[in-house]
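Below is one structure, written out as structure tokens; the observations come after it.
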Amino acid sequence: MKYKNILISENEKIATISINRPKKLNALNIETIQELHEAIEVCDENKNVRAIIITGVGDKAFVAGADISEFADFSVKQGTKLASDGQNTLFNFIENLNTPVIAAVNGFALGGGLELAMACHFRLASENAKMGLPEVSLGVIPGYGGTQRLPQLIGKGRAMEIIMTAGMISADKALTYGLVNQVVPLEDLIPTCEKIARKISNNSPTAISYAIKAINAGFNDDKDGYNSEIEAFGACFGTKDFKEGTSAFMEKRKANFKGL
Ligand code: COA
């Protein structure tokens, strides 16, 4: 077995990666972050994988945060490196991946767990899920992108309240806030994510990766979102997927996208 802390399964162009430390409520230690990076990179390079689902093992937690036991005695320098390495290795990496990544939030998504879900392209939650960024109750702040992605997703005022109170919100509230796209019973969570992933897998993976980049550009101060869209739109015209998609439409058949 290559990985100690995660499980991977592949079915009909969909890879499911499950964080497997249920006794620690799937808390993210550095080793798990590295394993997730490697597994996601392998899936992204696999042309047969058209969507990735990330979830947690068990019925209690998606991820209950970064592993507190690992950083409790860190210095300023170590703390800075922890956040910087984590953001680069996993959170920004997922956000900018070519392959769509769906978070199946199956329980507690706290701290680094909610940050992981927010780095994914979108999120579904089970009815029992609870979400929050409790870092200030530990004397620290979210360090894996939480202070940036939470306001992007739900607005500044709501994000301020969630971060300052260190409280948890229910799945229903997360739905009202737009933090998750759907709330379903726990047993329906993975099947519902798979249904969406299958729909995605019928579309052009090349066009989807350009769409991800254009959407993300709008949230990046160093980029012009509209210009990024123009460039990505133009680039699509040079792809095999564009020829296949338009030909299939003219020929009144279903497109068979192979990528690029
Ligand atoms: N880091 C390390 N270990 C964690 C953890 C984390 N973020 N979250 C949970 N665990 C461990 C607990 O220490 C416990 O381990 P133990 O059995 O060896 O003592 C185990 O997971 C089960 O957690 P427990 O607290 O007993 O479960 P609970 O149902 O009573 O409470 C939570 C659940 C989520 C409310 C509680 O675990 C919690 O507050 N976790 C920390 C959340 C957090 O602050 N995350 C942000 C980190 S920056």
Quiz item: Looking at the range 1-54, which of its residues are in contact with a Gly (Cβ under 9 Å, 6 or more places away or on another chain) and more than 16 Å from the ligand (Cβ to nearest atom)?
Solution: S18, K47, R50
Exercise. For V42, state whether it is open to solvent by 20 Å² or more (accessible area, probe 1.4 Å) and not small (G, A, S).
Key: yes
Quiz item: Out of the range 216-226, which residues are part of a helix (DSSP H, G or I) and open to solvent by less than 80 Å² (accessible area, probe 1.4 Å)?
Solution: N216, A217, G225
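Here is a yes/no grid of residues against (1) at pLDDT 95 or above; (2) within 28 Å of R253 (Cβ to Cβ); (3) surrounded by 17 or more Cβ atoms within 10 Å (Cβ to Cβ):
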site: A171; (1), (2), (3): yes, no, yes
site: E187; (1), (2), (3): yes, no, no
site: I190; (1), (2), (3): yes, no, yes
site: I196; (1), (2), (3): yes, yes, yes
site: K213; (1), (2), (3): yes, no, yes
Practice problem: Select from the range 12-30 the residues that are open to solvent by 80 Å² or more (accessible area, probe 1.4 Å) and either without any contact (Cβ under 8 Å) to a residue 24 or more places away in the chain or part of a helix (DSSP H, G or I) (or both) and list them in ascending order. | Solution: K23, K24, I30
Exercise. Filter the range 115-149 down to the residues that are assigned to a helix (DSSP H, G or I) and small (G, A, S), then identify the one that is most open to solvent (accessible area, probe 1.4 Å).
Key: S137
Exercise. Answer yes or no as to whether T89 is among the hydroxyl-bearing types (S, T, Y), closer than 30 Å to S75 by Cα and open to solvent by 60 Å² or more (accessible area, probe 1.4 Å).
Key: no
Quiz prompt | Positions within the range 65-86 being within 15 Å of the ligand (Cβ to nearest atom), surrounded by fewer than 13 Cβ atoms within 10 Å (Cβ to Cβ) and part of a loop (DSSP other than H, G, I, E, B), in sequence order | solution = A72, D73
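The values are calculated or read from the model by the stated rules, or taken from the named source; none is laboratory data. Just so it is clear, the model here is predicted, and its values are computed rather than measured. For neighbour counting, all protein chains shown are included, and Cβ atoms are generated from backbone atoms with ideal geometry for every residue, glycine included. Heavy atoms of the whole protein, side chains included, go into the accessibility calculation; ligands, DNA and RNA do not. Shrake-Rupley method; radii C 1.70, N 1.55, O 1.52, S 1.80 Å.
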